[in-house]
Amino acid sequence: MHALKKNRPLRRIVLASAATVSGMVLLLSLKPHSTPTAALAIPAPSSSSSASSGSGSSGGTGGSTTTGTKTVTGSTIQTRWGPVQVKVTVKSGKLTDVTAVQYPTDNPRDQEINSYALPRLRSEALQAQSANIDTVSGATYTSDGYRQSLQSALDSARG
């Protein structure tokens, strides 16, 4: 009888460990939910790697304000998962458009992450009118590269 009592704790430990491992496997096999409409909002990346290009005019001499439209491509920022580069349009000193020109697309996971991260980063940049934007959870490297490229483009456009 003493031998039975000795085996029970070990049996419980084995069963608890097996249940824990099974639960973890099930949890890790779950896929994150993604919004299908977000995938449609991303423009296709181009192979352009120009540091900056300006178009439009910057108006005024003396003390007048800038009234032209300027489109500038920011620096290409190398991240752990690939290059990130944005293009901005500034009209009358106001940020009117931000487009991701380059971003990681090498595998389905990159595409999934960027399908929700890039629209959020664009929206935040337009709202903040600066590169002072929050990092998107799950897309830290892309967010950092986006922010750096955005800042370089804004410096070129406004400076």
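What the table shows:
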{"item": "Per-region count, the range 125-148, residues open to solvent by less than 60 Å² (accessible area, probe 1.4 Å) and part of a helix (DSSP H, G or I)", "result": "9"}
{"item": "Number of the condition not met by Ile113 [criteria: (1) farther than 17 Å from Gly82 by Cβ; (2) in a helix (DSSP H, G or I)]", "result": "(1)"}
{"item": "Test: residue in the range 83-106 that is in a helix (DSSP H, G or I), out of contact with any His (no Cβ under 8 Å at 6 or more places or on another chain), open to solvent by 60 Å² or more (accessible area, probe 1.4 Å) and not aliphatic (A, V, I, L, M)", "result": "no"}
{"item": "Residue pairs meeting the criteria (Cβ under 8 Å; at least 6 apart or on separate chains; first within 17 Å of Asp155 (Cα to Cα), in the range 71-86; second in a strand (DSSP E or B) and open to solvent by 50 Å² or more (accessible area, probe 1.4 Å))", "result": "Thr71/Lys87; Val72/Lys87; Thr73/Lys87; Gly74/Lys87"}
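The values are calculated or read from the model by the stated rules, or taken from the named source; none is laboratory data. This is a predicted model, so every value here is computed, not measured. As a convention, Cβ positions derive from the backbone with ideal geometry for all residues, glycine included, and neighbour counts pool all protein chains shown. Quick note on the areas: whole protein, heavy atoms, side chains included, nothing else; ligands and nucleic acids left out. Shrake-Rupley method; radii C 1.70, N 1.55, O 1.52, S 1.80 Å.
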